[in-house]
1. How large is ³J(HN,Hα), in whole Hz, for each residue of region B:237-243 in order, when computed from phi with the Karplus curve 6.51 cos²θ - 1.76 cosθ + 1.60 and θ = phi - 60°, using x for Gly and Pro?
2. Please give the total accessible area that chains B and A bury against each other, computed with a 1.4 Å probe and expressed in Å² to the nearest 100.
3. If you place +1 on the Cβ of every Lys and Arg, -1 on the Cβ of every Asp and Glu, and leave all else neutral, what size is the dipole of region B:1-49 about its Cα centre, to the nearest 20 Debye?
4. Determine the alpha carbon to alpha carbon distance for each of B:153/B:184; A:272/A:411; B:217/B:411 and list only those over 22 Å.
5. For residue B:143, which inter-copy label distances result when the label point lies 7 Å beyond Cα on the Cα-to-Cβ vector, reported in nm to one decimal and in ascending order?
6. If you roll a 1.4 Å probe over chain B with all protein chains in place, what percent of the accessible area is carbon or sulfur?
7. Could you pull the accessible area for residue B:285 with a 1.4 Å probe, rounded to 10 Å²?
8. Can you check what the Kirkwood hydrodynamic radius comes to for the protein assembly as shown, Cα pairs only, in Å to one decimal?
There are 2 protein chains.
Amino acid sequence: MLAVIVNMIETLLKNKKYSSLRDVLSAVNEADIAVIFGQIPPDSLPLLFRLLPKDLAADTFALMDTDSQELLIRGFSDNEIKEVFDELYVDDAADIVEEMPANVVKRILKNTDPNMRQMINEILKYPEDSAGSLMTTDYISLRPQMTVDDAIKRIRRTINDAETIYTCYITDENRHLLGYLSVKNLLLARQEDKICDIMDKTIVCVHTLDDKEDVAKEMNRYDFVTMPVVDDEGRLVGIVTFDDAIDVMQEETTEDIERMAAISPTEESYFKTSDIKHAKNRILWLLILMLSAAITGTILSKYEEACSAIPVLVSFIPMLMSTGGNCGSQSSTMIIRGMSVDEIKLKDFFRVVFTELRVSIIISVVLSLVNGVRIWLMEGSFKIAAAVSISIVGIVIISQFIGCALPMLAKRCRLDPAVMAAPLITTIVDAASILIYFSIVTRLFAI
Amino acid sequence: MLAVIVNMIETLLKNKKYSSLRDVLSAVNEADIAVIFGQIPPDSLPLLFRLLPKDLAADTFALMDTDSQELLIRGFSDNEIKEVFDELYVDDAADIVEEMPANVVKRILKNTDPNMRQMINEILKYPEDSAGSLMTTDYISLRPQMTVDDAIKRIRRTINDAETIYTCYITDENRHLLGYLSVKNLLLARQEDKICDIMDKTIVCVHTLDDKEDVAKEMNRYDFVTMPVVDDEGRLVGIVTFDDAIDVMQEETTEDIERMAAISPTEESYFKTSDIKHAKNRILWLLILMLSAAITGTILSKYEEACSAIPVLVSFIPMLMSTGGNCGSQSSTMIIRGMSVDEIKLKDFFRVVFTELRVSIIISVVLSLVNGVRIWLMEGSFKIAAAVSISIVGIVIISQFIGCALPMLAKRCRLDPAVMAAPLITTIVDAASILIYFSIVTRLFAI
């Protein structure tokens, strides 16, 4: 369907049917327009963009990708920059400014109105991953002594600046946060009610320097559409809106998943990342893991004698190593994800270890039985089957222990648990598996 | 801090300071009360719960865990059940009913008001993972011919039933969805404006039977706080709210991550899952992977001769297998996550394959150089170093190809890409690595 629409728009453009184009675009949601614009040849973009109604243009602009935004800004007159940026919500404007090269930023800040410029700078001064950098300074604040009628009048007067009116915040004259009021309760109240009598005084807020991941978690915990952000003195300086919180949650999850696969996380999307960058993000861990796997190899070479004496022993190595690795990564995945959604806490350490111990006993018995019988039937040697089966029991139990304990220890040492991820655990488990296997084999066969 | 509060509450309870308790609880957010209640001994729970103001009680109840909810309901009188459930939002009530055992459900439905009962049943009739099962039937609908003044009056009249008033939906007399209007625009309009003149007619909605994961993705794409749900005839039957959409996104991500670690996903939390269930969720994949790793072993045993001729060759096997496995799981992770956030699409297949090919060439050159030099220095044999280095080049390229191609092929066959996950790819890559290594070695050493 996207191709059809893009095609239609290109045809209309070619035939100069501008008024139809404007009608078509006005009937489409801004998020969809941004997607469509991503497919249009760049040289028709400025013309198309100018056909959009003013407020739709700003909303669409905020949703386009950075490259298209830069292309458009470079083509804009000073006046057009002013028109678009003054319509944007402050947090979107700050995000865009942050991504642009210096000369473009200069043009933007020169052409936006002083109030907007100050708010953008306000947001840009906070550290990258802080609540301050995520917030918008567009919010509605009310005073406790206002009546509902005053409040509604004030909202109508200031509403155009505010990204959201789901929740109004009540502050004193020094901007200290006193409480909040949902628009729902505002509409439900009588006109003459005082705000201080109907507001909710249970204050939940975050600090400007709080980590944005924690802010998103708190918002999810309380089901908040917006979260107030206060400074050191408890003064309200902005709010974080749910759409930005969702984006943070998604980014953080992607980072976790990438770390668990031994990839250094990147903020760029897959196709936007250069080949060299892709390789760089992966190669460090590959080198570390490759060299640590060489240690497993060294251990293995200590048992050359055993391997030459009973060559078939070698053929079980891949199976034992992979089973150990898989058990370890299953445990570590459960624990890492459990910790990142706050279901498993550090104080649960022993509870987790005992759970994994019990689970690993069940698993190891089943796996060693299946495997023992298979090997006995296929190789005809009960002794070999027994050696492999006993090894599996030891390997599964040790692997699950390492898999659950390491991520929790990492967190205890204030490291990201996901870094202690599947591949690293697999490498440790590999070495352990080889050791367990050969110490059982050498004892059993007295090599 | 939690322990402090729990302690304080227990002391107040013991000393029968009920009115202070009520004051304390009224000053705390419902989400926090639910957490605190989770730490209180179950036998004091009913008493504490009865101390909560009525509306706070219902909100807290919705946020408690299923076990505590069941415990409370079993202790409730019929009248208490009615009081709590009539205060709940319909989607929360339906969620609770769904989790309760049959005899509790019967008591709940007997004691709720007929209107509520009908709405709960309405939601419960949709399939488990559908938009219908996720939606609430509490929403505000307006008629196009109403004036803003009429609309605000209607909202004030019906507001208590509606979970959210962020967006009002406009329907005709047959409940067909005609457009929407944010409360912001409603407040901004003049009293005499007609709703049909100020409403937004670009309709974005989902169908009752749409997968809830897609609904969450759409809401994220459009930054919607609520998403309207329509039936086959395009009639509005409910809305999905952002808090439920966020929960769906989190659940689906957890499922993806679990599948990628070869664990069958479960809806239960880690500690709520029994040992047997934990083992069951993991053992099937472990068996499959163990038996397929046995194939790698069989391939390996074909080269027994080479291993006996040059025993040191065996010691490189763990390193080669782990490097292949890690490269494969890095690629598959990038692609699986890229597909699940809709960044990589099926039509990008060749683009992805070529990207991974270029990246794998860079990575393989670096890894084989580092490793070749290391082995040359440590083993003193240029020929062995060359054999391992050439193998690494082949293994890295093949592994990244398998790692990116398999998840996309799985999606093409309408399978969950995450099932083609790291462990399965690792197993395939292991076999490929052994084959590549020994075909190079046997040729080079003419064994």
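The values are calculated or read from the model by the stated rules, or taken from the named source; none is laboratory data. As the structure is a computational prediction, the values presented were derived from the model and not from experiment. Don't worry about glycine lacking a Cβ; one is built from the backbone with ideal geometry, like all the others, and counts go over all protein chains shown. The protein model used for the area step is the full one, side chains on, heavy atoms only, and it has no ligands, DNA or RNA in it. Shrake-Rupley method; radii C 1.70, N 1.55, O 1.52, S 1.80 Å.
1. So the Karplus estimates, Gly and Pro as x, are 10, x, 9, 9, 9, 4, 5 Hz.
2. 9800 Å²
3. Computed about the Cα centre, the dipole is about 220 debye.
4. Listed pairs above 22 Å: A:272/A:411.
5. Nearest to farthest, the other copies are at 4.2 nm.
6. That fraction is 56 percent.
7. For residue B:285, solvent-accessible area is about 60 Å².
8. 30.6 Å
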